[in-house]
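Shown next, in structure tokens, is the structure this report addresses.
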Amino acid sequence: MRKHIQLISAFALIMGAQSAWTQQFTPPTFEGLDTDKSGALSKEEVGVFVAGIPAGPNGPANLDDVLGRWDANKDGSVTKEEFDNRPPPPGAGAPPPAT
């Protein structure tokens, strides 16, 4: 019985930590990231977003990984269409609907 209580306590602690992490993170909007209003996200604009992501279960986010996933045509910038169709981060569900 004591082992079951310890397992339940450990599970609750893990779930609480994951819940706290997801509550801290607010998904970005394209318009919020496109600070120069060019209609495309530069590496620098994506970098500002990545720098603000709290480290998750797999560690901190990596700019080149994020840009590589978002920039579908690999031209070095992310259009609104690419942003709206970006794949979810590794280990996560689908991105929230675009606003």
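How much FRET efficiency would the formula 1/(1 + (r/R0)^6) give for Lys37 and Asn85, where r is the Cβ-Cβ distance and R0 is 25 Å, rounded to 0.05? Don't skip to the answer; put the middle values down first.
On the way: r = 21 Å, r/R0 = 0.84.
Efficiency at R0 = 25 Å is approximately 0.75.
Pulled fully out, how much extra length does the chain show between Ala51 and Asp65, if you take 0.36 nm times their separation in residues and subtract their Cα-Cα distance?
On the way: separation 14, 0.36 × 14 = 5.04 nm, distance 1.28 nm.
Extra length from Ala51 to Asp65 when fully extended: 3.8 nm.
At Lys74 and Glu44, where each label point lies 7 Å from the Cα along Cα→Cβ, what is the point-to-point distance in nanometres?
That separation, rounded to one decimal, is 2.5 nm.
A short reminder: the numbers here are calculations on the coordinates, not readings from a lab. From a predicted model like this one, the values you see are computed outputs, not experimental measurements. Virtual Cβ from ideal backbone geometry, glycine too; neighbours counted across all protein chains shown.
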